[in-house]
Amino acid sequence: MPAKIAFYAPLKSPDHPIPSGDREIARAMMKALRLAGYQVTLATETISYQKRPSSTLFCERRAACEAERDRLLGAWSHTPATAPDLWFTYHPYCKAPDWIGPAVSQAFGIPYVTAEACRTRQATDADWAEARAAVQAAVAGAAANFCLKPSDRAYLESFLDDPGMIVPLPPFIDTAAPAPQAPPPVPFDNDAPLLLAVGMMRPGAKMASYRALATILSGLAARRWTLVVVGDGPGRADVEAMFSELPAGRVFFAGALPKPEVAGWMGAADIFVWPGLGEAFGMSYLEAQALGLPVAAYAAAGVPVVVTPASGLLAPEGDVEAFRANLARLIDTPALRQAIGAAGRTNVADHHSIEAAARLFKHTLDPLLERARQSRRQR
C-alpha cells in the first residue's frame, strides 16, 4: 500500500481559486509526490498567512490552526488507519508559519518535511519575530527541508546545526499540462515580433516589474514589435497608465487567463519579456522555456535559478540600457531567438521537469518512511 502523505500549504491552499505562483508550485509538488508513488491528500485548507503585522490577526490565525490541529489529531487517533505516514509542508515562512504539522508529526511518530522554507525581507524583524521563531523551530525539527534556491539555502544554513537536512530541489513544472489554446486574433502588425509579459497586477514587486518594462520599451519605440500583457489585479489601471505613452496599437492587455490560454500566447509569441524584480524564481519563465520561447529579464532575485545564460538574455538588475540592448538583439535577430528558445526547451527537460522532482522526492522520502516504520515496530 502506498505511503500516505499529508500535504499542507499554510500560505494558500493549492485549491485556491485565484491563480498564483505559490498555488501552482504547491499543485505541482502534490503531483510530483503522486508520480513518486505516494498517496497524497491535502491535510487542511486552514491558513496561517497574514499579509501585514497584526497581533490580533496573529492570535486569531494561530488559534484557528491549533483548533484544526486538535481536530486532525482526534480524527486520526479515532481511525489510525487513515493517519498519514509523513507530513509535508510547502512554503512556511514568517507570514505563514506551520502550527499544525510539527505537532501531528510528533504525536504519530512520522517524519516532518518542508519545502521552500524561506525568509522574506521585512522592514522590522520585531514584527515577525514570534512567527519566524516558530518556523525555525519547525524547520530545525524536520527530517528534510527541500530548498529551491541559493538564498533560501543560505538562510537555512544560518540557523540549522546540520546542513545535511537541506535537500536541493530545482524548481520544476509539469510539461504534460493541458494543450495550449490558440489565442484570439488581435489588431497587431503581424510581421512584427510579438513580445509577451505575464504577471499579476498587484502592489510590490509585480508593479515594479511592470514599471521597469514600460521604461525599457519606451526606449525601443522606433523598432517594430508588439506586446501582449497577460495578468490582472487591483493595479491594472496603474499598469495601463504606465504603457500609455507607448505608440498606439503596440500593447494589448489580455487580462487574467487560464493556463491553456496563457500557453497559447506563449506558443504564438516570439520573446518572453519580464524584468523579474523580486521574483522568487518565476514559474512563467520555465513555462515559456518549455515552449521554446527565449527570455529577456534581469538577473534579479531567483531568476538565474531557472533561466540560464543559454536560455535567456539576463541584464544586471536595474541596468535599463543593458536590458534594452538584449531585447533589441532578440527583436532584430530571428536566428538568435530560435537558438535561445531551443536551449530553453533543453534546460527545462534536463533540469526542471516534474519527473526529475518525483525521482528526488522518492530518493529522499523512502528512507525517512522506512526509518519511521522501523521505529514504530520497536516501540
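The values are calculated or read from the model by the stated rules, or taken from the named source; none is laboratory data. Note that the structure is predicted; figures quoted are calculated from it, not measured. A quick note on method: Cβ atoms are made from the backbone with ideal geometry, for glycine too, and the neighbour counts reach across all protein chains shown. SASA here: full protein model, heavy atoms, side chains in, ligands and nucleic acids out. Shrake-Rupley method; radii C 1.70, N 1.55, O 1.52, S 1.80 Å.
Residues whose amide H comes within less than 5 Å of that of Gly292, counting only those at least five positions distant or on another chain, are Arg345 (H built at 1.01 Å from N in the peptide plane). Structure remark: mean-square fluctuation, Gaussian network model of the chain, C-alpha springs under 10 Å; the largest value among Gln39, Gln338, Gln106 belongs to Gln106.
Couplings for segment 136-143, taken from phi via the Karplus curve 6.51 cos²θ - 1.76 cosθ + 1.60 with θ = phi - 60°, read 5, 5, 5, 5, 5, x, 6, 7 Hz in order; Gly and Pro are left as x. Mean-square fluctuations from a GNM of the chain, with a 10 angstrom spring cutoff on Cα atoms, peak among Ala301, Ala221, Ala328 at Ala221. Across segment 166-174, coupling constants 3J(HN,Hα) worked out from phi with the 6.51/-1.76/1.60 Karplus curve, θ = phi - 60°, read 8, 10, x, 10, x, x, 8, 9, 8 Hz, and Gly and Pro carry x. Return one number: the angle in degrees, 0 to 90 and rounded to the nearest 10, between the long axis of the Cα atoms of helix 334-351 and the longest principal axis of the Cα atoms of the chain. Result, in degrees: 10. What FRET efficiency, computed as 1/(1 + (r/R0)^6) with R0 = 51 Å and r the Cβ-Cβ distance, is obtained for Phe253 and His351, rounded to the nearest 0.05? According to the calculation, E is roughly 0.95. Largest mean-square fluctuation among Pro102, Pro168, Pro234, in a Gaussian network model of the chain whose springs join Cα atoms under 10 Å apart, belongs to Pro234.
With all protein chains kept in place, the per residue accessible area of the chain amounts to 44 square angstrom at a probe of 1.4 angstrom. Distant-in-sequence amide contacts of Val228, defined by a placed amide H-H separation under 5 Å and a gap of 5 or more residues or a different chain, comprise Leu195, Leu196, Ala197, Phe252.
Full extension of the chain between Ser55 and Asn190 gives 43.1 nm of extra length, using 0.36 nm per residue less the Cα-Cα distance.
Using Cα-Cα distances under 8 Å and only pairs 6 or more residues apart, what relative contact order does segment 1-118 have, in percent? Computed value for segment 1-118: 33 percent relative contact order. Arg71 contributes about 130 Å² of solvent-accessible surface, heavy atoms of the protein only, 1.4 Å probe. Computed from the C-beta positions of Leu246 and Gln378, the FRET efficiency with R₀ = 56 Å rounds to 0.20.
Starting from a Cα-only point model with no solvent, please compute log10 I(q)/I(0) by Debye for segment 134-256 at q = 0.13 1/Å. Once normalised to I(0) and log-transformed, intensities are -0.74. Under a 5 Å amide H cut-off, with hydrogens placed 1.01 Å from N, Val40 pairs with Ile5 among residues at least 5 apart or on other chains. Of the whole protein surface, Asp70 contributes about 90 Å² of accessible area at a 1.4 Å probe radius. Over the chain, the alpha carbon radius of gyration divided by the compact-protein estimate 2.2 N^0.38 Å works out to 1.05.
For the chain, averaging the sequence separation of C-alpha pairs within contact (under 8 Å, six or more residues apart) and dividing by the residue count gives a relative contact order of 15 percent.
Using the Cα coordinates of segment 49-128, the gyration tensor eigenvalues translate into equivalent-ellipsoid semi-axes of 27, 15, 7 Å, sorted from longest to shortest.
Here's the picture: charge each Lys and Arg Cβ at +1 and each Asp and Glu Cβ at -1 in the chain, and of Ala6, Pro183, Val198 the one pushed furthest to the positive end of that dipole is Ala6. When only Cα pairs below 8 angstrom with a gap of at least 6 residues are kept, segment 53-133 shows a relative contact order of 33 percent. Karplus-based coupling profile of segment 27-34, in residue order and whole Hz: 5, 5, 5, 4, 5, 5, 5, 5, with θ = phi - 60° in 6.51 cos²θ - 1.76 cosθ + 1.60 and x standing for Gly or Pro. Simple rule: put +1 on each Lys or Arg Cβ and -1 on each Asp or Glu Cβ in segment 215-357, find the dipole, and look at Ser284, Met266, Gly235; the Cα lying farthest toward the positive end is Met266. Here is the P(r) of segment 1-146: all C-alpha pair distances, binned every 5 Å from 0, give 2, 10, 20, 23, 22, 14, 6, 2, 1, 0 in whole percents.
Label-to-label distance for Arg329 and Ala137 is 5.2 nm, based on points extended 7 Å past Cα in the beta-carbon direction. For the chain, with all protein chains present and a 1.4 Å probe, just round the carbon and sulfur fraction of the accessible area to a whole percent. Here it works out to 54 percent.
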